[in-house]
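The values are calculated or read from the model by the stated rules, or taken from the named source; none is laboratory data. Remember, it's a predicted structure, so these values are computed and weren't measured experimentally. Because the Cβ atoms are built from the backbone with ideal geometry, glycine has one as well, and the counts that use them run over all protein chains shown.
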């Protein structure tokens, strides 16, 4: 569905942001994109959406070359950026104006999503708070039913209840021929939502794996003492000793903790590369 092969990109007069980057994302999955500030998460999303152009390499999204911005490509992708702008319109006027650009847009779904977010379609966009505007755009994005849905920091501005609704609605909108890619600093917001995780570190793809495979290779739990345990990739003090991420040699079943997985990857990248070698 989304395939980057040896993609090189740099902003004008700056050092390379990506150098021969490889990435493969398949339909039927919700990917979480994690990385420190400046790792290139937003730039990667914009490359996929065709808003930035690689200097070298091949980038294909559902068979299209994003930089060409062909109408059929634009109909098949929706990109929700971190910084949003909404015109001075009612929600109803916004919906009726923009929905024709997306052939698979479903109005009933849009109204359902708005109702779940406790927003009336008769409200004026200017009268909404930042979090409410985010909800309107999330509802619209899901209702487009595009094959590719990209969201950059979508939960910024949402309260705790709304974040739970967001997870429920996004999960319900996934289909076999749709790929969802979500970038966020709020790692906990992706719990019980994503089934695969991508970690960017030093402008490289450090990890791109299904959670199912990660749980086979890594164990998330506690140890009374972790200082001299070679199995441990990451440890932090807890009331019971240490909360750890360690090699799962005994194949113990445990739930992937996204926040601690991220810390383990950033603090111990070489071990992560050994356990999860990247495919070209």
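Screening 81, 54 for residues that are in the same structural domain as residue 24 (by TED's automatic domain parsing), touching a strand residue (DSSP E or B) at 6+ places or on another chain (Cβ under 8 Å), closer than 16 Å to residue 144 by Cβ and surrounded by 15 or more Cβ atoms within 10 Å (Cβ to Cβ) leaves exactly one candidate, 81. Determine, yes or no, whether residue 33 is touching a strand residue (DSSP E or B) at 6+ places or on another chain (Cβ under 8 Å), assigned by TED's automatic domain parsing to the domain that holds residue 130, under 23 Å from residue 157 (Cα atoms) and assigned to a helix (DSSP H, G or I). Criteria not met by residue 33. Just one of the listed residues (132, 186, 122) is buried (at least 17 other Cβ atoms within 10 Å of the Cβ), out of contact with any strand residue (DSSP E or B) (no Cβ under 6 Å at 6 or more places or on another chain) and in the same structural domain as residue 50 (by TED's automatic domain parsing), and it is 132.
When you check residue 64 against the structure, is it in the same structural domain as residue 185 (by TED's automatic domain parsing), free of Cβ contacts under 8 Å to residues at least 24 places away in the same chain and surrounded by 16 or more Cβ atoms within 10 Å (Cβ to Cβ), yes or no?
yes
Of everything listed in (1) in the same structural domain as residue 251 (by TED's automatic domain parsing); (2) surrounded by fewer than 19 Cβ atoms within 10 Å (Cβ to Cβ), the single unmet condition for residue 171 is (1).
I'd like the residue in the range 100-127 that is without any contact (Cβ under 8 Å) to a residue 24 or more places away in the chain and at negative phi and, out of all such residues, is farthest from the chain's Cα centre (by Cα).
127
For the range 1-20, give me each residue that is closer than 29 Å to residue 213 by Cα and touching a helix residue (DSSP H, G or I) at 6+ places or on another chain (Cβ under 8 Å). Quick ask: steps written out before the conclusion?
Going residue by residue through the range 1-20, those that are closer than 29 Å to residue 213 by Cα are 1-8, 17-20.
Across the range 1-20, the qualifying residues are 2, 4, 7, 17, 18.
In the range 171-193, which residue that is in a helix (DSSP H, G or I) and touching a helix residue (DSSP H, G or I) at 6+ places or on another chain (Cβ under 7 Å) is nearest to residue 34 (Cα to Cα)?
Of the range 171-193, the ones in a helix (DSSP H, G or I) are 171-173, 187-190.
Within this subset, residues satisfying the condition of being touching a helix residue (DSSP H, G or I) at 6+ places or on another chain (Cβ under 7 Å) are 173, 187-190.
Values: 173: 22, 187: 8, 188: 11, 189: 12, 190: 10 Å.
Result: 187.
Where strands (runs of 3 or more DSSP E) fall entirely within the range 194-243, those with at least 1 residues that are more than 21 Å from residue 44 (Cα to Cα) are at 218-223, 232-238.
Keeping to the range 73-99, report how many residues are under 23 Å from the mean Cα position of the chain (by Cα) and either outside any loop (DSSP other than H, G, I, E, B) or at pLDDT 95 or above (or both). It would help to see each step written out before you state the result.
Filtering the range 73-99 for residues under 23 Å from the mean Cα position of the chain (by Cα) gives 73-86.
Now restrict to residues that are either outside any loop (DSSP other than H, G, I, E, B) or at pLDDT 95 or above (or both): 73-80.
Within the range 73-99, residues that are under 23 Å from the mean Cα position of the chain (by Cα) and either outside any loop (DSSP other than H, G, I, E, B) or at pLDDT 95 or above (or both) number 8.
Looking at this structure, is residue 259 touching a residue at least 60 places away in the same chain (Cβ under 8 Å), on the phi < 0 side of the Ramachandran plot and part of a helix (DSSP H, G or I)? Yes.
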